[in-house]
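This report refers to the structure that appears directly beneath it.
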Amino acid sequence: MELILKSSEINLPQEIENLAALKAELTPKLEKYNNLVVTADSIKAAKADKAALNKLRAAIEDQRKAIKRQYLEPYNILESQCKEVVALIDAPIQAIDKQIKTFDEIEEQEKYTELQEAFVNLDPPDWIELADVLNPKWKNKTAKTDALISEIEQAVKELTSGLEKVKATYGEEPFLLSVLEFYKEHKDFSKTAVYAAQLNTAYKREQEAKLKAQKLTEEAAQRESFQNEPQQPAPVSNESIQAEPQKGQETQSEKPQKLFKGKFEVEGTAEQIKALGQYMKTNNIKFTIIKEG
């Protein structure tokens, strides 16, 4: 089949015959407008010049467009006829293409089913899916099924090995379960290592905070226990005690108690010494600090 075009003579102008003369006449006349400065006195003349130039421009453009329409008229006829023939050809092309696509889809589905069966036969862990290990270009005709199956087997092996590596690396860490779940989700050992480092830093800070809080709690409990514990009088020798009743001082009991003087040294923390002093004050025991150390 051959497309035979019918020629016709078209007598249309192809160029402006007096172009040189026209340019030579217009150039000096238009030159003055390049550096024109419009003032209040010349505004009326400037508007008149602009109108004249627009009229000249419109006349030239109208002639150009008229000639263009004459040139395009035979082309438009040819274009319409060609499109009509092309439309006749497109119809069977689309029908054939639709059937070819149907066959391609059937082949792709058969190929995917084979790849899926091979994946299931590997008995992978439930956190690995076929989409995780399937080459995204598997639909290409050049991607052979056997090669794709080998890639799937290798990818599953690498992912399971990566999980074992995570267990071996972080098996003693308290955040192991979190790291394992992260690896199963992202399936990338490098990203998992970064995540584990972040968890380790957070865990150390948490432990330090707990130890600090525990220490403060123990110190507070020790101080409270010392203050509440009954104080036993320290044993003293007969040489260091002089039995001298104090005059003018009576206890709250019905029968006045004998008072004694004694000297003793104590050793303890600042909190303990402070608590001892408070105890003696509470029980109306007079004391004198001989030295502080």
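What the table shows:
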item: Given (1) part of a helix (DSSP H, G or I); (2) loosely packed, with under 10 Cβ neighbours inside 10 Å; (3) over 60 Å from the mean Cα position of the chain (by Cα); (4) of a type outside the set (A, V, I, L, M, F, W, C), index of the condition residue 84 fails; result: (3)
item: Residue that is modelled with the lowest pLDDT [pool: residues in the range 265-274 that are surrounded by 11 or more Cβ atoms within 10 Å (Cβ to Cβ) and either assigned to a loop (DSSP other than H, G, I, E, B) or among the hydroxyl-bearing types (Ser, Thr, Tyr) (or both)]; result: 268
item: Selection within the range 113-147 - part of a loop (DSSP other than H, G, I, E, B), over 23 Å from residue 183 (Cα atoms) and not aromatic (Phe, Trp, Tyr); result: 137, 139, 140, 141, 142, 143, 144
item: Filter result for the condition that a residue is under 30 Å from residue 156 (Cα atoms) and of a type outside the set (Asp, Glu), over 12, 115, 3, 78; result: 115
item: Any chance residue 148 is free of Cβ contacts under 8 Å to residues at least 24 places away in the same chain, closer than 30 Å to residue 163 by Cα and touching a Phe, Trp or Tyr at 6+ places or on another chain (Cβ under 8 Å); result: no
item: Counted residues, the range 165-197 - those being assigned to a helix (DSSP H, G or I) and either farther than 24 Å from residue 132 by Cβ or among the aromatic types (Phe, Trp, Tyr) (or both); result: 6
item: Every residue from the range 154-181 that is loosely packed, with under 14 Cβ neighbours inside 10 Å and either closer than 22 Å to residue 119 by Cβ or out of contact with any helix residue (DSSP H, G or I) (no Cβ under 8 Å at 6 or more places or on another chain) (or both); result: 154, 157, 158, 161, 164, 168, 171, 172, 177, 181
item: All positions within the range 120-149 that are surrounded by 12 or more Cβ atoms within 10 Å (Cβ to Cβ) and among the polar types (S, T, N, Q); result: 135, 145
item: Exclusive hit being closer than 30 Å to residue 14 by Cβ and either touching a Lys or Arg at 6+ places or on another chain (Cβ under 8 Å) or part of a helix (DSSP H, G or I) (or both), set 63, 94; result: 63
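For every residue, the table says whether it meets (1) closer than 30 Å to residue 270 by Cα; (2) within 25 Å of the chain's Cα centre (by Cα); (3) among the β-branched types (Val, Ile, Thr).
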| site | (1), (2), (3) |
| --- | --- |
| 138 | no, no, no |
| 147 | no, no, no |
| 162 | no, yes, no |
| 181 | no, yes, no |
| 198 | no, yes, no |
| 207 | yes, no, no |
| 211 | yes, no, no |
| 216 | yes, no, no |
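Conditions tested, residue by residue: (1) closer than 30 Å to residue 219 by Cβ; (2) of a type in the set (Val, Ile, Thr); (3) at pLDDT 80 or above.
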| position | (1), (2), (3) |
| --- | --- |
| 251 | no, yes, no |
| 276 | yes, no, yes |
| 281 | yes, no, yes |
| 285 | yes, yes, yes |
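The values are calculated or read from the model by the stated rules, or taken from the named source; none is laboratory data. All figures in this text were calculated on a predicted structure; none of them were measured in a lab. Cβ sites come from the backbone with ideal geometry, for glycine too, and all protein chains shown count toward neighbours.
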